[in-house]
Amino acid sequence: MPKTRRRRHLVIVVAVALVVIAAAGSAWLTERDGSRPTSAAVTGQGAPDSTASKCGPVLRTSAAGAGEHIDNAPIAYPAPPSFGDHRSRWEVRAASFYDVDSRPEVAVLVHNLEHGYNILWYDETVADDNDAVARVQEIAEPSAKPPSGNDKQD
C-alpha cells in the first residue's frame, strides 16, 4: 500500500475513534451530571393531592372481544371510554383540543385510541370553568402531533 494511501486510512481510523470516544464521553458526562431524565416522580403536574380524594375508584375492565368496527348502530361507552367497539372512520389529523361543539363522535375518537392517540377527557366541571379549559388546552398543545406511522385509515 502506498504511503499516502496508508496515511489517509490512518487519518480516517483516528477520526472515527475520536468520534466514538467523544460520544461515549458525552454520554458518561450526561449520566454523571444528572441532566438525563430519570424515573423519579414528576412533581407540579396533574391534580393536587387534595383533589385525588375526589376521584372515583379505579375501573378494571377486560378489553377481550372489544375493538370491532361498527358503523350502523349506536355504541354505548362507560364515561370516559378507553377502548371498545368503534367506528371504522377515525380522525387522521385530529385537533389537539375539542370543545363540546367541535368534538367528533366519541366512537370515532375511540378508534383514535386504537391508533395510539391519547385523549384527556373532561366533564362539565371543567367546561364551565374558563381557567380550567385554558389549562386543558395548555396540556393538549405539546401533544398535538399525531403518532408517527399512523396516518392511514384502517
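Can you report the number of residues in region 69-100 which are part of a loop (DSSP other than H, G, I, E, B) and in contact with a strand residue (DSSP E or B) (Cβ under 8 Å, 6 or more places away or on another chain)?
Narrowing region 69-100 to residues part of a loop (DSSP other than H, G, I, E, B): 70-85, 87-100.
Narrowing further to those that are in contact with a strand residue (DSSP E or B) (Cβ under 8 Å, 6 or more places away or on another chain): 70, 75, 85, 87-88.
Qualifying residue count, region 69-100: 5.
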**OP:** Could you list, in sequence order, all residues of region 101-143 that are within 20 Å of Ala76 (Cα to Cα), in a helix (DSSP H, G or I) and among the hydrophobic types (A, V, I, L, M, F, W, C)?
**Re:** Val106, Ala107, Val108, Leu109, Val110, Leu113
Subject >> Options Ser88, Ser82, Ser96: the member that is in contact with a Lys or Arg (Cβ under 9 Å, 6 or more places away or on another chain) and of a type in the set (S, T, N, Q) >> reply: Ser96
Original post:
Out of the residues in region 59-114 that are of a type in the set (Lys, Arg) and under 24 Å from Val133 (Cβ atoms), which is nearest to the chain's Cα centre (by Cα)?
Top reply: Arg93
Subject >> Count of residues meeting criterion [surrounded by 14 or more Cβ atoms within 10 Å (Cβ to Cβ) and without any contact (Cβ under 8 Å) to a residue 40 or more places away in the chain] in region 84-110 >> reply: 12
**OP:** Read through the list (1) closer than 23 Å to Ala66 by Cβ; (2) out of contact with any strand residue (DSSP E or B) (no Cβ under 6 Å at 6 or more places or on another chain); (3) not hydroxyl-bearing (Ser, Thr, Tyr), then give the number of the only condition that Asp129 fails.
**Re:** (1)
Original post:
Which ones in region 66-98 are over 23 Å from Tyr122 (Cβ atoms) and in contact with a Phe, Trp or Tyr (Cβ under 6 Å, 6 or more places away or on another chain)?
Top reply: Ala66
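Read-outs: derived from the displayed coordinates by stated rules, not from any lab. Worth saying up front: this structure is predicted, and the values here are computed from it rather than measured. Note: ideal-geometry Cβ built from the backbone for every residue, glycine included; neighbour counts use all protein chains shown.
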